[in-house]
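Visitor: What follows is a single structure, and I will ask about it in a moment.
The values are calculated or read from the model by the stated rules, or taken from the named source; none is laboratory data. Note that this is a predicted model, so its numbers are computed, not measured. Note: ideal-geometry Cβ built from the backbone for every residue, glycine included; neighbour counts use all protein chains shown.
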Amino acid sequence: MRTLVQEAAARDMYATVFASLPRRDQRRRAEEYVQGLLRTPGRKSFRSIAQHTGGDSAAEQRLHHLVTGSTWDWRPVRTALVEWLAATNPLSAWVVQPMPLPRNGERPCGTPRCRQSFGVWFVAPKAVTPVAWRLYLPDDDTVPEETYEDAVTAAVLEATGSALTPKRPVVLDVGGIDTPTALTHLPLAELPMIARTRPATPVRMADPALPGYGAGTRTARETLAAVTSLRRPVEWHDGAPAPSVSLAAAVPVTTPARRPALLLGEWPDPRRPPANFWVTNMRLPAPVLLRLTKHTDRVTRTAATRARQTGLRDFAGRSLTGWHRHLTLASVACAVAAFPPPGT
């Protein structure tokens with residue numbers, strides 16, 4: 001049960017993030033939809049939301065029209081959400097993670113091959129919430145030859161595009177992409193970024209003082225195996241009372257595109273190969289980089305909770321614009337759910 005203070009804060013946020021909706025009834029129904037997502041147990045459908053907000057079949061039709069039949073632009077709403085979050089929370093990082101889409105309903109959104117979406121999450125000390133979404137549509141004729149990297153890039157640029165948002169690192173936790181290409185992709189090259197990569201990613205050691213220099217292209221696993229003497233223990237927190245400890249090392253490398261980068265390895269077990277491999281265009285110490293990557297664990301935990309709580313994965317229609325509007329309103333619901341409890 002939310003307190004009166006939290007309800008008042010939510011109303012203030014609604015007034016800001018829904019200001020771009022052209023009609024008063026749209027703004028009112030957007031609020032009703034967000035409140036319904038938070039109040040409705042189980043899967044969130046138009047019918048169940050209407051039932052749990054005291055509405056009838058006509059209310060169900062109004063909610064359906066708001067999401068799938070209306071023409072309001074979701075992008076200004078997302079921008080306003082980012083700006084509101086940045087004004088009320090100290091942004092630590094952006095985290096990009098995939099969200100597999102279940103086949104709800106008989107006509108799932110997008111094409112048969114579209115079973116993947118990307119979410120960009122706003123991460124602050126006391127708030128973790130999604131702010132931008134993108135579907136990967138390999139068969140969509142309206143997005144010719146869009147690559148996986150293109151889809152991820154579009155999501156990141158949407159989230160970080162506001163001039164009122166501070167520049168913070170982007171943590172790219174997406175498998176199945178060419179990480180060095182994504183890291184140096186022209187639209188993203190100006191952003192501070194660290195990206196998860198594969199053990200087989202080809203790199204060249206760039207420091208002549210380190211083992212492996214002059215050996216040509218080697219895999220990330222081989223490169224880090226040669227510098228285990230550089231590993232140092234790093235404490236990091238995952239919400240448990242006691243800190244966790246991993247070994248970490250970061251070494252300068254050159255990517256296949258001949259771009260300078262740092263290769264970061266994490267060893268939870270010093271007797272085994274690295275469990276996690278990352279490349280970054282930032283020049284920061286290994287402990288700082290490792291702790292930055294741990295935002296992904298927090299997002300993973302939060303995403304699982306928020307997906308159930310706000311219906312992030314519950315859109316059952318086929319309309320791409322409807323999917324975007326539902327995810328936008330569900331993201332606003334995530335921001336409301338992230339309000340700290342009284343006294344914190």
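Visitor: Within the range 227-245, which residues are in a loop (DSSP other than H, G, I, E, B) and either under 13 Å from Pro287 (Cβ atoms) or at pLDDT 95 or above (or both)?
Guide: Step one: filter the range 227-245 for residues in a loop (DSSP other than H, G, I, E, B), giving 227, 231, 237-243.
Selection gives Val227, Arg231, His237, Pro243.
Visitor: It is to be established whether one or more residues within the range 214-226 are in a loop (DSSP other than H, G, I, E, B), farther than 19 Å from Pro180 by Cβ, in contact with a Pro (Cβ under 8 Å, 6 or more places away or on another chain) and aliphatic (A, V, I, L, M). I'd like the intermediate steps shown before the answer.
Guide: Filtering the range 214-226 down to residues in a loop (DSSP other than H, G, I, E, B) leaves 214-217, 226.
In the following step, the residues that additionally are farther than 19 Å from Pro180 by Cβ were identified as 214, 226.
After this cut, where a residue has to be in contact with a Pro (Cβ under 8 Å, 6 or more places away or on another chain) as well, the list is 214, 226.
Now restrict to residues that are aliphatic (A, V, I, L, M): 226.
The answer is yes; a qualifying residue exists.
Visitor: Can you pull out the residues in the range 286-302 that are touching a residue at least 40 places away in the same chain (Cβ under 8 Å), out of contact with any helix residue (DSSP H, G or I) (no Cβ under 9 Å at 6 or more places or on another chain) and either of a type outside the set (S, T, N, Q) or not in a helix (DSSP H, G or I) (or both)? Spell out the reasoning first.
Guide: Step one: of the range 286-302, the residues touching a residue at least 40 places away in the same chain (Cβ under 8 Å) are 286-287, 289-302.
Now drop any that are not out of contact with any helix residue (DSSP H, G or I) (no Cβ under 9 Å at 6 or more places or on another chain), which leaves 287, 289-301.
Hits for the range 286-302 are Pro287, Leu289, Leu290, Arg291, Leu292, Lys294, His295, Asp297, Arg298, Val299, Arg301.
Visitor: Next question, about the same structure. Looking only at residues in the range 246-269 that are surrounded by fewer than 19 Cβ atoms within 10 Å (Cβ to Cβ) and modelled with pLDDT of 95 or more, which one is farthest from Met282 (Cα to Cα)?
Guide: Checked the range 246-269; the qualifying residue farthest from Met282 (Cα to Cα) is Asp269.
Yes or no, residue by residue, for (1) over 13 Å from the mean Cα position of the chain (by Cα); (2) among the hydroxyl-bearing types (Ser, Thr, Tyr); (3) more than 17 Å from Met99 (Cα to Cα); (4) surrounded by fewer than 21 Cβ atoms within 10 Å (Cβ to Cβ):
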| site | (1), (2), (3), (4) |
| --- | --- |
| Pro274 | yes, no, yes, no |
| Pro285 | yes, no, yes, yes |
| Leu292 | yes, no, yes, no |
| Phe315 | yes, no, no, no |
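Visitor: Consider Pro130 against the criteria (1) modelled with pLDDT of 95 or more; (2) farther than 25 Å from Asn89 by Cα: it satisfies all of them except one. Which criterion is unmet?
Guide: (2)
Residue-by-condition table, conditions (1) surrounded by fewer than 19 Cβ atoms within 10 Å (Cβ to Cβ); (2) aliphatic (A, V, I, L, M):
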| residue | (1), (2) |
| --- | --- |
| Arg29 | no, no |
| Val34 | no, yes |
| Arg39 | yes, no |
| Lys44 | no, no |
| His52 | yes, no |
| Ala58 | yes, yes |
| Gln61 | yes, no |
| His65 | yes, no |
| Val77 | no, yes |
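Visitor: Within the set of pairs 6 or more residues apart or between chains, which connect a residue that is under 21 Å from Arg168 (Cβ atoms) inside the range 88-107 to a residue that is surrounded by fewer than 13 Cβ atoms within 10 Å (Cβ to Cβ) and modelled with pLDDT under 75 with Cβ atoms less than 6 Å apart?
Guide: Close Cβ pairs (under 6 Å, with a partner that is surrounded by fewer than 13 Cβ atoms within 10 Å (Cβ to Cβ) and modelled with pLDDT under 75) do not exist here.
Listed here are the residues, each with its yes/no results for (1) in contact (Cβ under 8 Å) with a residue 40 or more places away in the chain; (2) closer than 14 Å to Thr280 by Cα.
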position: Glu190; (1), (2): no, yes
position: Arg198; (1), (2): yes, yes
position: Tyr213; (1), (2): no, no
position: Ala220; (1), (2): yes, yes
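Visitor: Go through the range 1-54 and give me each residue that's more than 21 Å from Gly322 (Cα to Cα), β-branched (Val, Ile, Thr) and assigned to a helix (DSSP H, G or I).
Guide: Val5, Thr16 - these are the residues of the range 1-54 that are more than 21 Å from Gly322 (Cα to Cα), β-branched (Val, Ile, Thr) and assigned to a helix (DSSP H, G or I).
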